[in-house]
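The structure appears below as C-alpha cells.
The values are calculated or read from the model by the stated rules, or taken from the named source; none is laboratory data. Note that the structure is predicted; figures quoted are calculated from it, not measured. Please note: Cβ atoms are built from the backbone with ideal geometry, for glycine as well, and neighbour counts cover all protein chains shown.
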Amino acid sequence: MMSNMIEVEQLVKSYKIRNKSDESRFSLLSKYTEKKAVDGISFQVKKGEILGFIGPNGAGKSTTVKMLSGILVPASGKILVNGIVPYKNRKKNGQSIGVVFGQRSQLWWNLPVMDSFEIVKAIYKVSDKNFKDNLERFHDILNVGEYLDIPVRKLSLGQRMRVEIAASLMHNPEIVFLDEPTIGLDMVAKEKINEFIKLINQERKVTIILTTHDMRDIEKLCDRILVIDHGKTIYDGDIETVKSKYGKNRMLIVDIEDELKSFHINYGNVIKEEGSKKYIMFNKEDFSAIDMVNEIENEYAIKDFSLVETDIEDIVKCIYSEQNK
Amino acid sequence: MILPYLLEIKLSLRDRLVFKKDVMIRIITSFLLSMTTMELWSVIMRTSDNSGTTEGINTIKYMLLASSLTMMIDATPGDEITGRIVSGSISRDLLYPVSLPLIILGKSIGKVIATFMLNVVPIFVVLSLMYNISWTSSLSSLLLAIFFWLIGYLIYFMLNLQIDMISFWWQETFYFHYTKEAIYAFLSGALIPLWYYPDWLKRVVNLLPFKNIMYVPIATYLETVSAEEMKWNCLNMGIWFFVFLFITCLIWNIGVKKTVSNGG
Amino acid sequence: MYTVKCFFVLMRADLKSRMIYKLSPFLYIFGLILLYISAFLGNYIMLTKFKNIDGWEYGQIIFIYVFCLVSYGVRSIFFNHFTNLGGMILDGSLDNILIKPMNSFVYLVGSHFEIGGFSHIIAGGIIFFKFNHLFGVTWNVKNIIFYIIAIICASLVQSSITVIIGSCAFFVEQNEGLRRLYEGFRQFIYYPVTLYNKYIQVVLFCILPLAFATFIPAAVFLNHPVYNIMSKTSWLLFLVGITGLLSVIAVGVFNFGLSHYKSSGT
C-alpha cells in the first residue's frame, strides 16, 4: 500500500471570538464565543497528488492549511504530514514544506530577487549544487533568471508570483501549499504558472495542495478536489469522478418576463437566480432541454433561453446547493 | 469663508475622542513622563536648599507648565504635507478652494485642544496636588501669557510647516524634524528654565525665535519677567512672527508652483 | 552552527534593505544623535549648576546617564522588532516566520536590525569620553572588562523587558498600554533611582526591573554610600545573576506566548 503524504483524521479546531459588542477599556475581560473553524475533517493525500481545496471564505481552508504547516495546534484529531506531526516538529516539518501565499509575500521587498533566493538557501540548507540546478530549471520554465537583480518591489504581480513559487521550491520540498497563487493575474501569467506547477509536479512528484477560488485552475491542475464548508468536508473525490457524475449535467438559462414572480420548477436544480435570469442545472439523461422549456413555459412567459455545458464552477455550486437541501 | 477651517478643528477634535482605550493609554504615558520631570526637579530643589525660595518654587512651577505645553505642542502633526506628497493626494488637495496650510492649522488646533482637555488638564491638576503647588499669579499675567503662547505656538507651527514643506523637494523630512526637535528643545526653555543658562547662551537664545514658544509665556505667567525684558520679548516675538510668516508663504508658493508644473 | 549562520544572513539582508537610499541611514542616525545630545545638554546645564544632588556628584549622575543611553541603544538594535509582534500577528507576517525550519526567536532578532539604536550608543559614547574625568573611575584592565560585562548586562535587562512586554501581544490584543508604561518609566532611570519616592523605586526594582539597567550596573564602579552593602565585584555577580534570570524568563515568556498563539489562533 502506498503510504500517504498527508493524513488527516477528524481534525477539529476552534477559535474564541471576542464579542465586539462591548468596546470598553477593560476588553481583557470581554466574553468569548467559541467558533468551530474546522469540525471533524478527514482526508488523505498521496504522494505526487494535486489536491484542490475549495470552499467559501471562512470555510476552514486556511485554518486546515495552517495546521498542516505547523502554525496552529489542532484541538483534536490526527494529523500527519510526511510521517510527522506538524505542530510537534515544527522545524522538521518546515523543511519538507513550501508555502506560497497569494496575498502575502515571503520575499524581501527592497532587495534583489537573488538575495531572497540566497536567504532561502541559507535557511533551508540547500546545497550549492541543488541551488544552481534549481535556478537553471526555474529559469528555463519561468524566466526567473531575468529578474535576479531587480528588487522585488519593482516587479509586476505576475513576475513576483513566479519568483514566489520558485522560492518556495528552491529547497525541494515534498509538499507545497499554494494559497491563491494566481489571484489578480492576467490570463497569460496564470497560464505560465499553471504550466510550471504541472511540470514540477510531474518531474519531482511534489504533492500540491492548491487553495483557490479559480475553477479553471482547479480543472487544469487538480487530480482531486476537497470541498469544505462550515469546517466540514462536503465532497471529496477526484476530478474525473466529479465530472462524470455531474458531467451529464447541462445548464439551462431562462430569462423570464415577470422577474418578481417566485420561480419553482419540478425538474432540475435552480442553482442561481439573477433577477429575471434563472440558471437551472439538470441531468440530460433524465430530461431533455425541450421538455424543460415547455414545462417552464406553462407557468412563466420566457423571454429568452440558452443551453450550456456545465463547468466545475457550476458543479461545485450544485454540490453546495445539494448540501443545503 | 472661515467655516471649513473651523470644521477641520471640530473633526480633528472628535477624531481623538473616539477610542477610549487610546485616550487612557496616552494619559498614562504623558503622566509618567511629566512625573519624571517633577520628581527629579523637586528632589533637586529640596536637596540644594532651594526648597523654600522663590526660585525653587518657580522652577517647579516652570517645569510643570513646560511639560504641559510640550504635550500640546507635540500634538502638532509634522507630516501632513509630506504624507500627501508621498501618496500623491497633494494634487487633489491643491484643487480645493481652501488653503491647505490653514486646513493643517485647523487640524493642529483641534489636536492641541483635544490634548489640552484630555491630557493636560487632568495631569496638571493631579501633579499640582501631588507636589503641593498653588497657582497664585494674577489674571492679567495669565491672559498675557496665553496671548504670548498663542503667538509662540503659531511660530512653532510655521517652523514645523516649513520643514514639512521640504518634502516638495526631498521626501524624507523626518530627519529634519529630529534636528528641529533637538535645536528647539534646547533653545526654547523646554528642557530647563532659561534663567539657568550661562550668560553667553542667554544672549544667543534672546536673538532666536524659539524661546517664544516655551520660556516667554511661562515666565510671563510666573511674573519673573521685568518690564524691560517684556519689551524685548514683544519685539523679538513680533519680528520673528512676521519673518516666519513671510518665509512660510514664500516656500509654500514656490513649492506649489513646482508641484503644479510637474503635474503632481 | 546553522542558527548562527542564519542569524547573520538575516541581519545582512535587513541592513542591506535599509541602505537602498545611500544617505538615509546616516542622516537618520545623525538627527537622532543631535536630539539626545541636546536633551543631555539641558540636563548638563542643570547638573553643573547643582553640583550635588542628594549626595550624588554630578559626574556620577552622568555615568549613570550614559548607561541608560547605551543599554537602550543595544536593546533597540536587536530587539526593537518585538514591540511589533501585535502587528505581525494581525497582518500574518508572523505565520511566515513560523513556517521556516528555524528558531522563530532568532529569526525575529536577526531579521530586524534597527540602526536608529546606534544613535543612542554614539551619543552615549560622546558623553562618556567627554566627561570621563568626572566619573571617579580608574580605567585599569579589570574595570574595562567589568564595564563591558556591565554594559552587556544592562542591554540584556532592557531587551528582556522589551521581549516580555512584546510577548504580551500573544495573549492580549492591545499591549500598547504596557509599551507606553515602559517608555514612561524608562525616563526615570537616567538618574539614580534613589532620588525618587519609594513607590517609584518599588516599580523600578520589582515590576519593571529597569533599575538593573542603569543603577545597579553603576554600583560596580561608583563610590557612593548607598552601594556600600556589597563589594563592587559582588555587585557585578549580582547583576549578572539577575540578567541571566531575566533573560531566561524573557525567552520563556516568548515561547509560552508562541505556543499559546499556536493553540488559539487569531
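Per-residue answers, yes or no, for (1) within 11 Å of chain C (Cβ to nearest Cβ); (2) in contact (Cβ under 8 Å) with a residue 60 or more places away in the chain:
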residue: B:TRP41; (1), (2): yes, no
residue: B:MET63; (1), (2): yes, yes
residue: B:SER87; (1), (2): no, no
residue: B:LEU94; (1), (2): no, yes
residue: B:PRO97; (1), (2): no, no
residue: B:ILE113; (1), (2): no, yes
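Filter the stretch A:42-97 down to the residues that are out of contact with any strand residue (DSSP E or B) (no Cβ under 9 Å at 6 or more places or on another chain) and among the basic types (Lys, Arg), then identify the one that is farthest from A:LEU178 (Cα to Cα).
Looking at residues that are out of contact with any strand residue (DSSP E or B) (no Cβ under 9 Å at 6 or more places or on another chain) and among the basic types (Lys, Arg), I get A:LYS88.
Out of C:GLU114, C:GLU173, report the one residue that is acidic (Asp, Glu), over 23 Å from C:ILE33 (Cα atoms) and not in a helix (DSSP H, G or I).
Checking each option against the conditions leaves just C:GLU173.
For the stretch B:3-53, which positions are touching a Gly at 6+ places or on another chain (Cβ under 6 Å), of a type outside the set (Ser, Thr, Tyr) and under 23 Å from C:LEU178 (Cα atoms)?
Listed by number, the residues that qualify are B:ILE25, B:LEU32, B:LEU33.
Residue-by-condition table, conditions (1) of a type in the set (S, T, N, Q); (2) at pLDDT below 90; (3) touching a Lys or Arg at 6+ places or on another chain (Cβ under 6 Å); (4) farther than 24 Å from C:LEU222 by Cβ:
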{"position": "C:ALA154", "(1), (2), (3), (4)": "no, no, no, no"}
{"position": "C:GLN158", "(1), (2), (3), (4)": "yes, no, yes, no"}
{"position": "C:GLY166", "(1), (2), (3), (4)": "no, no, no, yes"}
{"position": "C:PHE170", "(1), (2), (3), (4)": "no, yes, no, yes"}
{"position": "C:GLN174", "(1), (2), (3), (4)": "yes, yes, no, yes"}
{"position": "C:LEU178", "(1), (2), (3), (4)": "no, yes, no, yes"}
{"position": "C:LEU181", "(1), (2), (3), (4)": "no, yes, no, yes"}
{"position": "C:THR194", "(1), (2), (3), (4)": "yes, yes, no, no"}
{"position": "C:LYS198", "(1), (2), (3), (4)": "no, yes, no, no"}
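In the stretch B:206-216, what residues are crowded, with 16+ Cβ neighbours inside 10 Å and farther than 20 Å from C:ILE37 by Cα?
B:PRO209, B:ASN212, B:ILE213, B:TYR215, B:VAL216, listed by residue number.
Going through the stretch A:76-121 one residue at a time, which ones are part of a loop (DSSP other than H, G, I, E, B), touching a Gly at 6+ places or on another chain (Cβ under 6 Å) and within 8 Å of chain C (Cβ to nearest Cβ)?
Result: A:TYR87, A:ARG104.
Between A:LEU72, A:LEU111, which is modelled with pLDDT under 90, under 18 Å from A:GLU7 (Cα atoms) and in the same structural domain as A:ASN172 (by TED's automatic domain parsing)?
Result: A:LEU72 is the single residue among A:LEU72, A:LEU111 that is modelled with pLDDT under 90, under 18 Å from A:GLU7 (Cα atoms) and in the same structural domain as A:ASN172 (by TED's automatic domain parsing).
Need a quick list: helices (runs of 4 or more DSSP H) entirely within the stretch B:100-203 having at least 1 residues that are charged (D, E, K, R) and farther than 30 Å from C:LEU47 by Cα.
Output list reads B:100-115, B:139-165.
Conditions tested, residue by residue: (1) surrounded by 17 or more Cβ atoms within 10 Å (Cβ to Cβ); (2) farther than 25 Å from C:ARG179 by Cα.
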site: C:THR3; (1), (2): no, yes
site: C:LEU10; (1), (2): yes, yes
site: C:LEU15; (1), (2): no, yes
site: C:MET19; (1), (2): no, yes
site: C:PHE26; (1), (2): no, yes
site: C:GLY55; (1), (2): no, yes
site: C:GLY59; (1), (2): yes, yes
site: C:ILE77; (1), (2): yes, no
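Which residue is farthest from A:MET67 (Cα to Cα), if the candidates are limited to the stretch C:91-115 and must be free of Cβ contacts under 8 Å to residues at least 60 places away in the same chain and not charged (D, E, K, R)?
In this case the residue turns out to be C:LEU108.
Is at least one residue of the stretch C:71-85 touching a residue at least 60 places away in the same chain (Cβ under 8 Å) and within 11 Å of another protein chain (Cβ to nearest Cβ)?
For the stretch C:71-85, residues touching a residue at least 60 places away in the same chain (Cβ under 8 Å) and within 11 Å of another protein chain (Cβ to nearest Cβ): absent.
Quick grid of which residues meet (1) more than 24 Å from C:GLN60 (Cα to Cα); (2) crowded, with 21+ Cβ neighbours inside 10 Å; (3) among the aromatic types (Phe, Trp, Tyr):
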{"site": "C:PRO101", "(1), (2), (3)": "yes, no, no"}
{"site": "C:LEU108", "(1), (2), (3)": "yes, yes, no"}
{"site": "C:HIS120", "(1), (2), (3)": "no, yes, no"}
{"site": "C:GLY136", "(1), (2), (3)": "no, no, no"}
{"site": "C:VAL141", "(1), (2), (3)": "no, no, no"}
{"site": "C:GLN158", "(1), (2), (3)": "no, yes, no"}
{"site": "C:VAL163", "(1), (2), (3)": "yes, yes, no"}
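Would you mind telling me which numbered condition in (1) within 14 Å of chain C (Cβ to nearest Cβ); (2) crowded, with 21+ Cβ neighbours inside 10 Å; (3) of a type outside the set (Lys, Arg); (4) in contact (Cβ under 8 Å) with a residue 60 or more places away in the chain B:TRP149 fails?
(1)
Go over the candidates A:VAL163, A:VAL176 one by one and state the one that is in contact with a strand residue (DSSP E or B) (Cβ under 6 Å, 6 or more places away or on another chain) and β-branched (Val, Ile, Thr).
When all the criteria are applied, what remains is A:VAL176.
Going through the stretch B:204-219 one residue at a time, which ones are farther than 17 Å from C:MET46 by Cβ and either within 12 Å of chain C (Cβ to nearest Cβ) or of a type in the set (S, T, N, Q) (or both)?
Selection gives B:ASN206, B:PHE210, B:ASN212.
Restrict the check to the stretch A:158-168 and report whether at least one residue is over 22 Å from the mean Cα position of the chain (by Cα) and away from chain C (no Cβ under 11 Å).
Checked the stretch A:158-168: no residue is over 22 Å from the mean Cα position of the chain (by Cα) and away from chain C (no Cβ under 11 Å).
Looking for something of a type outside the set (Val, Ile, Thr), modelled with pLDDT of 80 or more and within 30 Å of A:ASP229 (Cβ to Cβ) - is there at least one such residue anywhere in the stretch A:295-308?
yes
Which number in (1) modelled with pLDDT under 85; (2) touching a Lys or Arg at 6+ places or on another chain (Cβ under 6 Å); (3) assigned by TED's automatic domain parsing to the domain that holds A:ILE280 marks the one condition that A:ASP255 misses?
The number of the failed condition is (1).
Yes or no: C:PHE185 touching a residue at least 24 places away in the same chain (Cβ under 8 Å) and within 14 Å of another protein chain (Cβ to nearest Cβ)?
Taking the combined requirement at face value, the residue satisfies it.
One line per residue, one yes/no per condition, for (1) under 30 Å from C:PHE26 (Cβ atoms); (2) buried (at least 19 other Cβ atoms within 10 Å of the Cβ):
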| position | (1), (2) |
| --- | --- |
| B:SER140 | no, no |
| B:ALA185 | yes, yes |
| B:LEU191 | yes, yes |
| B:VAL204 | yes, no |
| B:ILE218 | no, yes |
| B:GLU223 | no, no |
| B:CYS234 | no, no |
| B:GLY238 | no, no |
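Restricting to the stretch C:1-59, name every residue that is facing another protein chain (nearest Cβ under 7 Å), among the small types (Gly, Ala, Ser) and closer than 30 Å to B:PRO193 by Cα.
Correct list: C:GLY31, C:SER38, C:ALA39, C:GLY42.
Could you please let me know if A:VAL73 is part of a strand (DSSP E or B) and of a type in the set (A, V, I, L, M, F, W, C)?
For A:VAL73, the condition - part of a strand (DSSP E or B) and of a type in the set (A, V, I, L, M, F, W, C) - is not met.
Test C:LEU246 against the criterion of being crowded, with 16+ Cβ neighbours inside 10 Å, under 21 Å from C:LEU69 (Cβ atoms) and at pLDDT 90 or above, and give yes or no.
yes
When C:GLY110 is evaluated against the numbered criteria (1) within 13 Å of chain B (Cβ to nearest Cβ); (2) under 17 Å from C:SER155 (Cα atoms), which criterion, by number, is the only one it fails?
(1)
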